[in-house]
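Engineer: Here it is, the structure, as structure tokens.
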Amino acid sequence: MTSPDIAAAFETLSTPLVADALVRLSLPVRVAPREIHPAIGGRLAGHALPARHAGSVDVFLEAIQFADAGDVLVIDNGGRTDEACFGDLVGIEASTQGVGGILLWGSHRDSAELAAIGLSVFSCGTCPNGPPRARTRDADALVRARIGWQLVERTDVVFADLDGALFVNEQHVEDVLDLAKNIADRERRQAALVRQGRSLRQQFRFADFIARRGTDSTYTFRKHLRQIGAVIEE
């Protein structure tokens, strides 16, 4: 799938739905640190374009050369909050080259200008000063970015919204999105029934579960939901 296709499919979904789909497919749920939050805009979805910062923006300019439309620039600045490594000039360069947004383990600046550009930015927050000096750049700075505990490569896809960010290997993306949509459809039907007066306890036959649990301590709620075809927790 291309980044625009991924973004379009994710438009009616959420990171919790993607996470639930990963769990049900027995795939790892690779979540970004909770410090990363939507600073500008509220959603991102697309192929990862990794870049490891070392005090100079040249690594971003080089990464942007390889961007396909809608790709997400994933920046590793070690979670630093004492310097901002991304601002408006690189932001406008990224935007004009079709980059879909920025996910940054670190801080950004020039917030008003970035908002005017219309580029979505997820970061650990803002800092007014830039890097004081260049550092030694790693040889694989454009191959992988470390985002908290996660190593993100070009073969990964980024999903981010108000609930956080996570990463999925591209080979699993179609299956994950299909299942996430099925989960969303089911949950929306269940929510609609609640609004119509049929409670979740009724839909989930909760009284039957309580009765069965009273005589069988191994009968869990998840087992009950599987048995009645109403799985919501796995």
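The values are calculated or read from the model by the stated rules, or taken from the named source; none is laboratory data. Not measured: the values here are computed from a predicted model. Using ideal geometry, Cβ is built from the backbone for each residue, glycine included, and neighbour counts are taken over all protein chains shown. When the accessible area is computed, the model is the full protein with side chains, heavy atoms only, and any ligands, DNA or RNA have been set aside. Shrake-Rupley method; radii C 1.70, N 1.55, O 1.52, S 1.80 Å.
Engineer: Between residue 162 and residue 192, what length in nm is gained on full extension when 0.36 nm per residue of separation is reduced by their alpha carbon distance?
Structural biologist: 8.5 nm
Engineer: How many percent of the accessible area of segment 73-185 is carbon or sulfur, using a 1.4 Å probe?
Structural biologist: 48 percent
Engineer: In addition: When the helices in the chain are scored as -39500 (n - 2.57) per DSSP H run of 4 or longer and the sum is shared across all residues, what 222 nm value do you end up with, to the nearest 500 deg cm²/dmol?
Structural biologist: Counting only the DSSP helices, I get -10500 deg cm²/dmol.
Engineer: So, one more: Find the eigenvalues of the gyration tensor of the Cα atoms of segment 12-103, then list the square roots of 5 times those eigenvalues as equivalent ellipsoid semi-axes, largest first, in whole angstrom.
Structural biologist: Working from the Cα gyration tensor, I get semi-axes of 25, 16, 12 Å.
Engineer: Also, quick follow-up: Using a 10 Å cut-off on Cβ atoms, rank the peptides 119-127, 216-224, 4-12, 46-54 from the highest mean neighbour count down.
Structural biologist: 46-54, 119-127, 4-12, 216-224
Engineer: Could you order the peptides 109-115, 143-149 from most to least packed, using the average number of other C-beta atoms within 10 Å per residue?
Structural biologist: Averaged packing, sorted descending, gives the order 143-149, 109-115.
Engineer: Same structure again: Please work out the Cα center distance from segment 177-234 to segment 78-101, rounded to the nearest Å.
Structural biologist: What the calculation gives is 44 Å, centre to centre.
Engineer: Another question, then. Relative contact order for the chain: what is it in percent, counting Cα pairs under 8 Å that are at least 6 residues apart?
Structural biologist: Once divided by the residue count of the chain, the mean separation gives 25 percent.
Engineer: Can you quote the Å³ per residue value for the convex hull of the Cα atoms in segment 113-234, rounded to an integer?
Structural biologist: Convex hull of Cα atoms, per residue: 221 Å³.
Engineer: Let me ask another. In Å², and per residue, what accessible area does segment 96-195 have when probed at 1.4 Å with the other protein chains present?
Structural biologist: Per-residue value: 51 Å².
Engineer: Given R₀ = 25 Å, FRET efficiency for residue 199-residue 221 by Cβ-Cβ distance, to 0.05?
Structural biologist: Taking R0 as 25 Å, the efficiency between residue 199 and residue 221 is 0.95.
Engineer: Mind putting a number on the dipole of the chain about its Cα centre? Charges go on the C-beta only, +1 for Lys and Arg and -1 for Asp and Glu, and I need it in Debye to the nearest 20.
Structural biologist: Around 1340 debye, computed over the chain.
Engineer: For residue 113 and residue 126, calculate 0.36 nm times their separation in residues minus their Cα-Cα distance, and state this gained length in nm to one decimal.
Structural biologist: Between residue 113 and residue 126, full extension yields 3.4 nm more.
Engineer: Tell me the relative contact order for segment 1-72 as a rounded percent, counting alpha carbon contacts under 8 Å between residues six or more apart.
Structural biologist: Here the relative contact order equals 43 percent.
Engineer: Now for a different question. For the chain, what ratio Rg/Rh do Cα atoms give with a Kirkwood hydrodynamic radius?
Structural biologist: In the chain, Rg relative to Rh is 1.09.
Engineer: What is segment 105-179 by shape, rounded, prolate or oblate, if you read a ≥ b ≥ c off the alpha carbon gyration tensor as root eigenvalues and call it rounded for a/c under 1.5, prolate for a/b larger than b/c, and oblate otherwise?
Structural biologist: oblate
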